[in-house]
Each structure stands twice: as C-alpha cells, then as structure tokens.
Amino acid sequence: MNVCYNPFMPREYPEFPIASVGVIVVERGKVLLVQRGKEPSRGRWTIPGGVVELGETVHEAAKRELMEECGIEVEIGRLIAAFDSIVRDADGRVRFHYVILDMLGARTGGEVRAGGDVMDARWVGVDDLQSLDVLPGAANLARQVLADS
C-alpha cells in the first residue's frame, strides 16, 4: 500500500490529535533508534515510526514506516506503550499533537539504513543512550525494553 500524505490535513497546528505508531526493534542487546529529520524534535533520536495513513491498520503503518525510515522488514508484536506527544508554541497553542502506539517488532529482513525523513538510523545500547540526544520518553522505553529482553 502506498498512501501519500494529505496536504489538507496539517500536522503542524492540527485540529485534532494524529494517530501514530512506533516500533521498538531489539537485536543483540541493542534497540533501533532514528535521528529525526523533521519537526517536531528535528535532530533528536527516537523510536522509528510515523503517522497512520488513511486506510492503514496500525500494523500496516508500523511495517511501512520501518521500511521507509530504516530499510528493514519487521514482524509486529504486542503493544507496549501508548502516549501523547504534545508540543506547544510560545503562546501555548498546540503546535503538534500525536497519539503514539509503540509496539515491539522483530526484524525479518533487510539491513538498517537511514531513509525517508530520518537523518540516521542505528543500533543503540543502554550505555549509548547518554551520548545521544534521545527524547526522554524514547530513552526510558528503550531502557525498559532492553532490561526486559
């Protein structure tokens, strides 16, 4: 399924929250993170994922996003977290609001490479989290998942 972004549905200053997915992939004691190429949080590291497009299930969106952003195929596992990412401007207006469903994923094919709207993609261990500018929620979730694996 190749679904394009609808320019009439703004992501910045939206009228309602936007459904999104994240996929936590763990291999050899490391978690896959991406460096964001767009706002919000451009340049910061986080869990790969993105917006659920119209007509997609959350699992389809998760698989598509991992292929676009990281070049890998994944099998989607269980839901492990759900949260709101809300960014306000200086006047207090909601600039971005995403409802994010984070799921476990297992790589089934491909090699990690940065693609789509990310600047970099790499496997990160617990010790590496402090040296990168990782979003706090992503760092906490990565630590939790790595501790459980």
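Every number in this text was worked out from the coordinates using simple rules, so none of it is lab data. Just so you know, these numbers come straight off a predicted model, no measurement behind them. Backbone-built Cβ (ideal geometry, glycine too); neighbour counts: all protein chains shown.
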Query raised in the report: Is the range 54-63 home to any residue that is farther than 18 Å from GLN35 by Cβ, out of contact with any Cys (no Cβ under 9 Å at 6 or more places or on another chain), in contact (Cβ under 8 Å) with a residue 12 or more places away in the chain and in a strand (DSSP E or B)?
Result: no
Report summary line: Within the range 90-137, residues among the β-branched types (Val, Ile, Thr), under 12 Å from PRO48 (Cβ atoms) and touching an Asp or Glu at 6+ places or on another chain (Cβ under 7 Å) come out as VAL118
Requested in this report: Just one of (1) farther than 17 Å from ALA139 by Cβ; (2) buried (at least 22 other Cβ atoms within 10 Å of the Cβ) trips up THR46, so point out which.
Outcome: (1)
Report task. Go through the residues of the range 79-91 one by one and say whether even a single one is closer than 23 Å to ALA121 by Cα and touching a Phe, Trp or Tyr at 6+ places or on another chain (Cβ under 6 Å). Result -> yes
Query raised in the report: If only one of VAL112, VAL145 is in contact (Cβ under 8 Å) with a residue 40 or more places away in the chain, buried (at least 18 other Cβ atoms within 10 Å of the Cβ) and assigned to a helix (DSSP H, G or I), which one is it?
Result: VAL145
Requested in this report: For the range 90-108, state whether one or more residues are of a type in the set (S, T, N, Q) and loosely packed, with under 12 Cβ neighbours inside 10 Å.
Outcome: yes
Report task. Taking GLU73 as the residue in question, decide whether it is over 14 Å from the mean Cα position of the chain (by Cα), within 16 Å of GLY116 (Cα to Cα), of a type in the set (Asp, Glu) and surrounded by 11 or more Cβ atoms within 10 Å (Cβ to Cβ). Result -> yes
Query - Selection from the range 9-29 of residues that are in contact (Cβ under 8 Å) with a residue 24 or more places away in the chain, charged (D, E, K, R) and outside any strand (DSSP E or B) - result: ARG11, GLU12, ARG28
Query - Test: residue in the range 67-90 that is in contact (Cβ under 8 Å) with a residue 60 or more places away in the chain and touching a Cys at 6+ places or on another chain (Cβ under 7 Å) - result: no
**Report entry** Unmet requirement for ALA139, which otherwise passes all of (1) of a type in the set (Gly, Ala, Ser); (2) crowded, with 17+ Cβ neighbours inside 10 Å; (3) assigned to a strand (DSSP E or B); (4) without any contact (Cβ under 8 Å) to a residue 40 or more places away in the chain
**Finding:** (3)
